[in-house]
Structures are given as structure tokens and as C-alpha cells.
Amino acid sequence: MSNAGYVLRRSLQALIVIAIVYTFTFFILFVLPGDPLENKITNPVNPLPSSTADALRAYYGFDQGPVAQFFAHLGRLFTGDLGFSLVNGRAVSDLIGQALGETIVLAGLALLFTAALSSAVALTAVFAPWRWVREAARGLPVLSISAPSFLVGYLLLAMFSFQFGWVSSIRDQGLASFVLPALTLAFASSGTLSQVLIQGLTGASRQPFVAVLEAKGVSGIGIVLRHILKNGAIPSLTLLALVVGDLLAGAVVVETIFNRHGLGYFTYTSVRDQDTPVIVAIVLLVSVVYIAINLATDLLYVRLDPRIGQSLIRAGTRRRAPRLQQPEAVPA
């Protein structure tokens, strides 16, 4: 199978997974017993007007069977219509658009912090000249995995906002307001990534090509940054999609702690209010992002190491854990 065939097959697999996620979520939420609009109409706090409820009932076809509702919803989806909220009647695309911008900034900053923190911990754990420093660094991933996000967020707020007053917990200070929630997400997400990176760097540092490069007079820093890090970091790419998923899932808690009105907080309020069209749209969006990054990671393997790419193409299977026992080709 050629590279183009591999890319096409993986892309089709990604589309099938997205279709399955959408179908499963739709039937779970929309086919549950009960009228999804009844609670909104009888809500004593800000009840939904009857005229709006009747329009939404006709729009979604709640008087029709589940299969008819599904295909009507699917047809509107292909035209870019995500429907309307059952809580306030506003377009779902507008509601998600308002929350998505803040979450993109938060998740992007958290991803940068995750990569920087994981790299620093792994390099220290493997190459620090003092044994006690290496041992201490190897314990940090366990600490970050064990610490719940709400506790880390509270400690950061108590220290940098309440004690030092560097960041306001109420006022929006632009990019500075994203630092503490991004650090909270990064601390939780970096643990697993650090562990895999430590194992990868340890294995790569023991390969014969390191001794050959040392004999050629290449500096220690050059060997680490140009050769060991490149080989040892490849297994960590497998976790990239999982880290992004953790960042999106963890945003629900972190945005609530730091009073950020992003996609996580919007998801929480939508689930609380049983706003099913919004929940379906959010699940679809998150699954598309998650699967797209997973697909990009698979394709990146082929680019970074042709041996792994050829192995995947020949096997015709989904991504597997790469083997690092083969030495890197020594540069001439």
C-alpha cells in the first residue's frame, strides 16, 4: 500500500469514527423517554415562552419517529445548521462560537506548558549530573498524575492571586488571566507524557549510535538535542491526541474554578440544563478535534521516521507503539 493509500484509508477510518460518535450520541440523548422541552416550559426561573417552544418542537420534529428526526438533523448538519438551543432558542453555532475562542486560547497555552514541563522533567530525570536530582525528577510525573485539578487550581489561586496579587481572580486581564488555568491543565496532563518521554530518552541514550557520535567528537548537548531527543520523543507523539482530549475534558473543571466562560463551562451548563442540541454539537466538535489530531499524529510518524511509516503501511493496521531498539543512522 502506498503512502497515498495509507492516508486515504486512515482518513476514511476517521470519518467513520466521527459518524459513529455522532449517531450514538444523537440516539442516546434524543431518544430518551420524555419531552425535552417540557422542563424548559415549566421552569419557574426564566421559563421558555410557549411560542418559542412550539417553534422548536416543529423544527426538531419531536412528534416524529427517532429515525426521521435523525435524518432531518443529519441533513441540516451537512448544510452547517447545528440547530437551536432548547434553553433560549439561540443558534447553537453562535453559542459555541462565543465559547470556543476562549477555550482555544486556554487549550493552546496549556498544550505549550505541557510540552515544556514534560520536556524539562524528562531531560532532568535522564541527564541531570546529580543522582538525587534525577530521582526527584522521576517522582514528579506520579505527583502530577495523583493531584486532582481542582486542588492544583485552588493552590495556584491561593498563592498567585490571593497571596501575591499577581493575577486577579475576578477581572479579565487578557492573556495573563489564562496563565493559571493553563498551568493547572498542564500540570495534570504532563505526568503521563513525562513518564513516556523519560522511558524513550533512557532507551535512546543507551543505543550504540551515541557512542559512535561521542567518538566522532560531537558534544554531549548536541547528541542530546539533535539525536537522542529526536529518537526518544517519537513514542510521546502517541499521547498527543490523548493530551488534547485531557485538556478539553479538564477544561470543564478548570474553567469553573477560574470563572472562565469557555467551552468547558458551556458544556457544564448545557448538561445541567439538558440542552440536548448543544450537547450533541459539543460532542461532535470535540470528537472531530480529537480524531483529527490523532490522524495528524499517525501521518506525522511517516514523516519523522520512514521506517515506522513503512511498517504501518505494510501492516495495514492502526498506529502501533514504535520500536526504538534500532540505532539511528549515524550522519556522515
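Overall dimensions of region 142-270, expressed as equivalent-ellipsoid semi-axes from the Cα gyration tensor (√(5λ), whole Å, largest first), are 38, 17, 12. Hydrodynamic estimate: the Kirkwood radius of region 176-250 over Cα pairs, inserted into Stokes-Einstein at 25 °C and 0.890 mPa s, corresponds to D of 175 µm²/s. With protein chains left intact and a 1.4 Å probe, residues in region 90-230 average 54 Å² of accessible area per residue. Expressed as a whole percent, the accessible area of region 194-283 that falls on carbon and sulfur atoms is 61 (1.4 Å probe). Charge tally for F258 (other residues, Cβ to Cβ under 15 Å; Lys, Arg +1; Asp, Glu -1): -1. Using equal-weight Cα scatterers in the Debye expression, the normalised intensity of region 224-291 in log10 at q = 0.29 Å⁻¹ is -1.21.
A convex hull fitted around the alpha carbon atoms of region 110-154 yields 72 Å³ per residue.
Can you list which of the chymotrypsin sites (Phe, Trp or Tyr not before Pro) found in region 98-148 are DSSP loop residues with at most 14 other C-beta atoms within 10 Å? Those that pass, being in a loop and sparsely packed, are W130. Compactness of region 62-202 was expressed as the Cα radius of gyration divided by 2.2 N^0.38 Å, which yields 1.51.
The slack in the chain from L15 to R134, taken as 0.36 nm per residue of separation less the alpha-carbon distance, amounts to 38.5 nm. Once divided by 2.2 N^0.38 Å, the Cα radius of gyration of region 48-122 becomes 1.71.
The values are calculated or read from the model by the stated rules, or taken from the named source; none is laboratory data. Every value quoted in this text rests on a predicted model; they were computed, and no experiment measured them. Cβ sites come from the backbone with ideal geometry, for glycine too, and all protein chains shown count toward neighbours. Only protein heavy atoms, including side chains, enter the accessible area calculation; ligands, DNA and RNA are left aside. Shrake-Rupley method; radii C 1.70, N 1.55, O 1.52, S 1.80 Å.
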